[in-house]
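Derivation of every value follows stated rules applied to the coordinates shown; laboratory data play no part. Predicted, not measured: the structure shown is a model, and the values here were computed from it. No Cβ is skipped: glycine too gets one built from the backbone with ideal geometry, and neighbour counts run over all protein chains shown.
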Amino acid sequence: MRRTRRGVVLVLLMPLLATAQGVIPGEVTFLTSQHVYVKFATTEGIAAKDTLDLVKDGVTTPCLVVSSMSSTSCVCTVIGGCKVEKQDKIQTRVLHKPEAEVASMKGTRPSRVKPVEEDTLKGKGERIRGRLSAASYSSIPSARDNDHRMMYRFSMNAERIANSKFSAETYLNYRKLYPANMDRYPQRTDYFNVYNLAVSYAPDSNTTLTLGSKINNSASSLGAIDGLQAERRFGTLFAGVIVGFRPDIFTYDLNTSLLQYGGYIGTQMNSATVNSKSTIGLLQQTNSGMVDRRYAYLQHSTTFNGNFNIFSSAELDLYSTVQGGARLTNLFVSSRYRISRKVDVFTSYDHRRRVVYYETFRNDVEVLLDDDMARQGARFRLNVRPTKTLTLGAAYSKRFQADGMNASDNISGSLNINRDPQGFGRWSVQVNHNASNYLRSDVISFRHSRTLIPRRLNMGLYYRIVEYRYANRPEGSSLASRASQRYYGADLTLDLARTLMFAVLGEMSTIADERNYRVNMSLTKRFDSKKK
């Protein structure tokens with residue numbers, strides 16, 4: 001089975017909380033600009049002005065204050081700049097004695113409360129969510145053969161299966177190609193990819209064991225790991241071990257010759273204003289039992305008041321049979337600052353060298369190290385929302401390396417107007433300019449979309465102009481130094497049911513005398529055991 005990792009599926013496992021332990025679990029069901037609504041099996045033991053905790057990745061943070069409540073729900077306000085989303089897990093400890101117990105102490109009869117049937121709580125905590133889709137992609141060019149392909153995707157996240165301590169997750173992809181001339185151009189036409197497939201066991205709220213293919217959230221730079229992962233928390237500290245296999249360096253297949261193992265330690269601190277998590281670890285990767293790579297890795301993220309976030313990761317190679325000393329192969333730093341509800345800024349910097357695997361590339365190690373060129377990049381993005389219906393954006397990115405090759409500068413801007421509820425629809429204009437050593441491109445695109453039938457049918461139209469200029473093609477040569485391309489497209493999205501959606505896109509593009517057509521269709525089914 002081929003197992004290709006082209007995407008990241010990150011899933012946070014939530015601990016199973018029980019009211020028998022003095023903890024009342026709940027879930028965010030609705031948000032407004034001022035309030036957060038939390039659903040509980042019962043609010044007995046909760047009172048107004050109590051503080052509720054947000055539970056993420058096994059860590060609790062004081063986040064909500066109860067304003068008012070009913071028998072099963074609480075209306076809350078956010079404190080400390082917490083970022084709360086729908087379906088987040090919430091908990092609070094029983095701070096007040098139930099009415100029946102208070103009445104017993106006073107010698108009075110409690111008020112009649114409708115009992116909660118045991119069957120209604122059976123399986124509480126289990127949640128199975130997923131998506132299944134089928135899509136077709138067809139290209140019909142005027143100067144080449146037609147191309148058709150089908151894509152099937154399935155993703156699922158099953159939390160606390162049958163109200164147990166087991167959870168599972170998966171993301172599968174199957175692609176089928178239908179080339180026009182198989183006899184003349186024989187090729188592989190079936191691809192089955194496993195992006196994520198893992199089973200987790202949480203014996204308690206501080207321990208997680210995972211078996212399968214999964215990216216570790218505490219060390220995401222390691223990529224997907226096929227094998228066993230274990231993590232244990234000790235208050236604000238945590239530690240983990242990894243034993244498994246890395247994907248084949250050439251084919252990304254499961255390769256049992258590529259054993260890897262290591263461990264990490266870290267700290268996670270949450271308060272009303274700061275959420276911070278840091279991980280440092282060591283990993284050794286082998287090839288048929290011999291050392292292929294040994295390196296240290298670091299990952300850190302911090303959020304201040306929910307408005308400023310910084311993320312960084314680094315890899316430091318420690319194993320070398322040719323050159324002495326450590327070698328920095330990866331450094332990435334990004335930050336986002338939400339200045340106000342109307343303005344936010346993002347910036348990032350990355351510094352990367354080609355990773356050398358000493359056994360995989362044993363015959364080419366010296367050549368690779370002699371050409372040890374660092375590739376670097378920087379990005380900056382600014383978004384401004386002057387009004388509720390208008391959003392402006394601008395971005396700049398630059399790629400470069402020491403020898404001046406593979407350099408590029410990219411500048412883009414966007415304007416978006418959303419007045420769909422008023423019947424005016426949504427309008428957007430985007431521009432992009434890219435200049436590299438060999439090509440300059442300029443793009444401007446216009447798009448209009450609107451709701452035709454509320455909660456049922458949406459429509460979009462777009463037009464895009466692309467201009468290319470090739471640096472190495474002088475005027476008068478047999479190859480044109482300029483090229484112009486135009487795109488005309490339309491799409492429709494139809495909600496057949498609450499969890500079933502159909503989409504179709506049609507496009508015509510022109511370049512020189514060519515007329516190329518593209519038709520995409522998809523059918524998507526979502527399911528969630530909590531939403532019947």
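With each label point set 7 Å from Cα along the Cα-Cβ vector, what nm distance links Ser71 and Val333?
Placing both labels 7 Å along Cα→Cβ, they lie 5.7 nm apart.
Going down the table (Lys342/Lys530; Lys277/Lys342; Lys49/Lys530; Lys89/Lys214), which pairs top 30 Å between alpha carbons?
Lys342/Lys530, as the Cα separations exceed 30 Å there.
Run the quick spin-label model on Met508 and Asn305: label points 7 Å from Cα toward the beta carbon, then report their separation in nm to one decimal.
Using points 7 Å along Cα→Cβ, the separation is 5.5 nm.
What is the local net charge at Arg379, summed over the other residues whose Cβ is closer than 15 Å to its Cβ (Lys, Arg +1; Asp, Glu -1)?
That works out to +3.
From the phi of every residue in segment 145-153, what ³J(HN,Hα) in whole Hz does the Karplus formula 6.51 cos²θ - 1.76 cosθ + 1.60 yield, where θ is phi - 60° and glycine or proline is x?
Ordered by residue, 3J(HN,Hα) equals 6, 5, 9, 9, 8, 10, 9, 10, 10 Hz.
I need the chymotrypsin sites (Phe, Trp or Tyr not before Pro) found in segment 217-292, filtered to DSSP loop residues with at most 16 other beta carbons within 10 Å of theirs.
Phe250, Tyr252
At Arg144 and Ala378, where each label point lies 7 Å from the Cα along Cα→Cβ, what is the point-to-point distance in nanometres?
3.7
Could you work out how much longer the chain between Tyr438 and Thr387 gets when fully extended? Use 0.36 nm per residue separation minus the Cα distance between them, nm to one decimal.
Result: 14.3 nm gained on full extension.
Given H placed on each backbone N at 1.01 Å, which residues far from Arg419 in sequence or on other chains put an amide H within less than 5 Å of it?
For Arg419, the qualifying residues are Gly425, Arg426, Trp427.
Nearest 0.05, what FRET efficiency do Ala326 and Phe424 give at R0 = 56 Å with Cβ-Cβ as r?
Efficiency for this residue pair is about 0.45.
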